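Structure record follows, encoded as structure tokens.
The values are calculated or read from the model by the stated rules, or taken from the named source; none is laboratory data. The structure displayed is predicted, hence computed values, not measured ones. Heads up, the Cβs are rebuilt from the backbone with ideal geometry, glycines too, and the neighbour counts pull from every protein chain shown. Ligands, DNA and RNA are stripped out before the accessible areas are found, and what is left, the full protein with its side chains, is counted by its heavy atoms. Shrake-Rupley method; radii C 1.70, N 1.55, O 1.52, S 1.80 Å.
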Amino acid sequence: MTVLIVAFRDYRDDIPSVTAALAARGARWLRFDTDTFPGATSLSLAYGGSRGAVLRAGDEPIDLGSISAVWLRGFREGSALPAMEPEFHRTSVQAAEATTTAMLAGLGCFQLDPREIVRRAENKPFQLQLAQELGLAIPATLISNDPAEVRAFARSCPGGLVTKMVVPQFVREDGEGELESVYTSVVTPEELASLDGLHLCPMIFQERVPKALELRVTIVGRRVFTAAVDSQLADGARVDWRRDQGPILGTWRPHALPQELEEELLRLLDRLGLEFGGVDLILTPEGRHVFLEVNPLGSFSWLEQLVWADTAPISNAVADLLLGRAPPRISRH
């Protein structure tokens, strides 16, 4: 069996541990780095004749007919294009995205997860809507570009307000260095009074929920792996544990979720159409589990190394699902 891994050149997370699990099961894997297309990688799709699809990375063709499953880790078509007029660049990127999507759809094999499903599922407002419909606890939330609405909402949140982006955003510190994620942050009284630029970009505003622990729940098919960290041990991690990970990395531990909550999260992923997802939860001091979001392409090898280094259960679960050794939870037909 051969698995096609769809990623980009800088993506290293998770792939070594999963390919090791694939190799241990006698499977092969090939890699398509989407940032090399169009450019160093060529892709040809033929219809109405005897020819099919040809994907060629450099001089090496990839035998798409041998692919038994696809593992999607990210897309960056067109990111290596040379400088060109904005309208031409936009057209080239959109054409590359459409061609890649058509190639993947034409493979007719299991995909973890299909691109169109991931795009729909990563919409954070949609996630919150479904979570609420399914009875999961969520923070009181406002998504808006209206400063007056945000200030009115803040008055209903006596514990304070946090904000985060509707879509992932990455910036460089002082315009230099590596790209870093824009983290969840507290809205200060001064920021609430100004809200400069908000009318140009809607943002997510939520009540600040007290934390006893923060949980990362990784779901692979029917398997659920939960780990917890005490983010309140480090001042810089209290609002968003990713902002200051160093002091708390060693505190990640396995965590047991209530069975009913596991089933609710599986139902949520069913509604989203996802076999795989990294779910973020807060456990409050009162023992209440509060849903934050799902990352359909969430990385897990870092967590596996901290919590389950000896057994790599998530990587093995991914390999089993890709190779058909574990049944998929969702029927695509």
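Do we have Gly26 as open to solvent by 40 Å² or more (accessible area, probe 1.4 Å), at pLDDT 95 or above and in a loop (DSSP other than H, G, I, E, B) here? Give the derivation first.
Values: open to solvent by 40 Å² or more (accessible area, probe 1.4 Å): yes; at pLDDT 95 or above: yes; in a loop (DSSP other than H, G, I, E, B): yes.
It is true that Gly26 is open to solvent by 40 Å² or more (accessible area, probe 1.4 Å), at pLDDT 95 or above and in a loop (DSSP other than H, G, I, E, B).
Just to check your reading of the model, which residue among Arg90, Arg120, Arg76 is touching a strand residue (DSSP E or B) at 6+ places or on another chain (Cβ under 9 Å), closer than 25 Å to Met165 by Cβ and of a type in the set (Lys, Arg)?
Arg76
In this structure, does Leu81 turn out to be farther than 30 Å from Ala319 by Cα and in contact with an Asp or Glu (Cβ under 8 Å, 6 or more places away or on another chain)?
Judged against the criteria, Leu81 is not a match.
Just for the range 247-275: of the residues that are assigned to a helix (DSSP H, G or I) and open to solvent by 60 Å² or more (accessible area, probe 1.4 Å), which one is modelled with the lowest pLDDT?
So, considering only residues that are assigned to a helix (DSSP H, G or I) and open to solvent by 60 Å² or more (accessible area, probe 1.4 Å), the one modelled with the lowest pLDDT is Pro247.
Quickly run through the range 66-114 and pick out the residues that are open to solvent by less than 40 Å² (accessible area, probe 1.4 Å), under 21 Å from the mean Cα position of the chain (by Cα) and among the small types (Gly, Ala, Ser).
Residues satisfying the conditions are Ala69, Gly74, Gly78.
Residues of the range 62-80 being over 21 Å from Ala95 (Cα atoms), in a strand (DSSP E or B) and either at pLDDT below 90 or aromatic (Phe, Trp, Tyr) (or both), which ones?
Scanning the range 62-80 gives a single hit, Trp71.
Looking at Ser79 and the list (1) in contact (Cβ under 8 Å) with a residue 40 or more places away in the chain; (2) under 19 Å from Leu321 (Cβ atoms); (3) among the polar types (S, T, N, Q), which single condition is not satisfied?
Ser79 satisfies all of (1) in contact (Cβ under 8 Å) with a residue 40 or more places away in the chain; (2) under 19 Å from Leu321 (Cβ atoms); (3) among the polar types (S, T, N, Q) except (2).
Restricting to the range 34-47, give me the number of residues that are in a strand (DSSP E or B) and open to solvent by 30 Å² or more (accessible area, probe 1.4 Å).
Residues that pass the stated criteria total 3.
Can you tell me which residues in the range 141-163 are open to solvent by less than 40 Å² (accessible area, probe 1.4 Å) and touching a residue at least 60 places away in the same chain (Cβ under 8 Å)? Even if it seems obvious, please write down each step before you answer.
From the range 141-163, those open to solvent by less than 40 Å² (accessible area, probe 1.4 Å) are 142, 144, 147, 150, 153-154, 157, 160-163; that's our starting set.
If the condition is that a residue be open to solvent by less than 40 Å² (accessible area, probe 1.4 Å) and touching a residue at least 60 places away in the same chain (Cβ under 8 Å), then Leu142, Ser144, Val162 are the ones that fit.
Hey, can you tell me all the residues within the range 39-61 that are modelled with pLDDT under 90 and closer than 26 Å to Ser299 by Cα?
Answer for the range 39-61, where residues must be modelled with pLDDT under 90 and closer than 26 Å to Ser299 by Cα: just Ala57.
Please enumerate the residues belonging to the range 293-303 that are part of a helix (DSSP H, G or I) and open to solvent by 10 Å² or more (accessible area, probe 1.4 Å).
Of the residues in the range 293-303, the ones part of a helix (DSSP H, G or I) are 301-303.
Listed by number, the residues that qualify are Ser301, Trp302.
Give the range 195-246 a look and list any residue that's among the hydrophobic types (A, V, I, L, M, F, W, C), more than 30 Å from Leu321 (Cβ to Cβ) and at pLDDT below 90, or say none.
Leu233, Ala234, Ala237, Val239
When you scan the range 205-246, how many residues do you find that are farther than 25 Å from Gly160 by Cβ and open to solvent by less than 30 Å² (accessible area, probe 1.4 Å)?
8
Pairs please, first residue from the range 48-65 and over 20 Å from Thr34 (Cβ atoms) and open to solvent by less than 100 Å² (accessible area, probe 1.4 Å), second anywhere and among the aliphatic types (A, V, I, L, M) and modelled with pLDDT of 80 or more, Cβ atoms under 6 Å, 6+ apart in sequence or on different chains.
The qualifying pairs do not exist here.
Somewhere in the range 267-280, is a residue farther than 15 Å from Ile138 by Cβ and among the β-branched types (Val, Ile, Thr)?
The answer is no; no qualifying residue exists.
Which one of Arg253, Arg329 is out of contact with any Phe, Trp or Tyr (no Cβ under 8 Å at 6 or more places or on another chain) and closer than 13 Å to Leu213 by Cβ?
Selected residue: Arg253, the only one of Arg253, Arg329 that is out of contact with any Phe, Trp or Tyr (no Cβ under 8 Å at 6 or more places or on another chain) and closer than 13 Å to Leu213 by Cβ.
What is the number of the single condition among (1) touching a strand residue (DSSP E or B) at 6+ places or on another chain (Cβ under 7 Å); (2) open to solvent by less than 40 Å² (accessible area, probe 1.4 Å) that Ala21 does not meet?
So Ala21 meets the others, but not (1).
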